[in-house]
Amino acid sequence: MSASMVRATVRAVSKRRILPTRAALTLTPSAVNRISFLLKNKPEFIAMKVGVRTRGCNGLTYTLDYTKEKDKSDEEVLQDGVRVFIEKKAQLTLLGTEMDYVESKLSSEFVFNNPNIKGTCGCGESFNI
């Protein structure tokens with residue numbers, strides 16, 4: 001894992017009605033605050049980029065990286081002054097997803113509450129659609 005990656009966990013959301021939104025990804029206030037804090041400490045980067053990769057025991061995992069520029073095919077989510085880019089491969093996967101930041105005594109991580117997920121692995125880091 002490179003120094004620019006951030007830890008993320010996946011949660012399947014069942015029996016949740018998908019509401020139409022303008023953005024593919026909605027950020028909670030705690031996610032906005034954390035992303036804002038992370039970007040303030042790295043002024044050379046303009047946003048966080050969310051993607052998906054094939055790995056893990058259940059198929060796909062999310063990736064979070066800092067980015068200096070927006071790629072042509074990235075979708076931009078701008079919420080409360082925070083910019084998040086979504087890679088083309090992840091755009092359909094993330095439709096209707098809420099990105100949260102959760103801190104507990106043992107961990108602090110971004111959590112994706114995704115109504116499109118059909119299953120997750122036991123550790124919660126990979127999923128399938």
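Descriptive notes on the structure:
- Residues of segment 14-67 satisfying the condition of being more than 14 Å from Phe112 (Cβ to Cβ), hydroxyl-bearing (Ser, Thr, Tyr), out of contact with any helix residue (DSSP H, G or I) (no Cβ under 8 Å at 6 or more places or on another chain) and modelled with pLDDT of 85 or more: Ser36, Thr67
- Filter result (open to solvent by 30 Å² or more (accessible area, probe 1.4 Å) and modelled with pLDDT under 80) within segment 97-129: Asn116, Lys118, Thr120, Gly122, Cys123, Glu125, Asn128, Ile129
- Applying the criterion of being assigned to a strand (DSSP E or B) and in contact (Cβ under 8 Å) with a residue 60 or more places away in the chain to the residues of segment 25-82, the residue that is nearest to Tyr101 (Cα to Cα) is Leu27.
- Number of the condition not met by Leu94 [criteria: (1) outside any strand (DSSP E or B); (2) open to solvent by 10 Å² or more (accessible area, probe 1.4 Å)]: (2)
- Residues satisfying the stated conditions in segment 38-76, i.e. of a type in the set (Val, Ile, Thr) and exposed (fewer than 11 other Cβ atoms within 10 Å of the Cβ): Thr54
The values are calculated or read from the model by the stated rules, or taken from the named source; none is laboratory data. All of these numbers come straight from a predicted model, not from anything done at the bench. In this analysis, Cβ positions are derived from the backbone assuming ideal geometry, glycine residues included, and neighbour counts consider all displayed protein chains. In case anyone asks, the SASA skips ligands and DNA or RNA and just uses the protein heavy atoms, side chains included. Shrake-Rupley method; radii C 1.70, N 1.55, O 1.52, S 1.80 Å.
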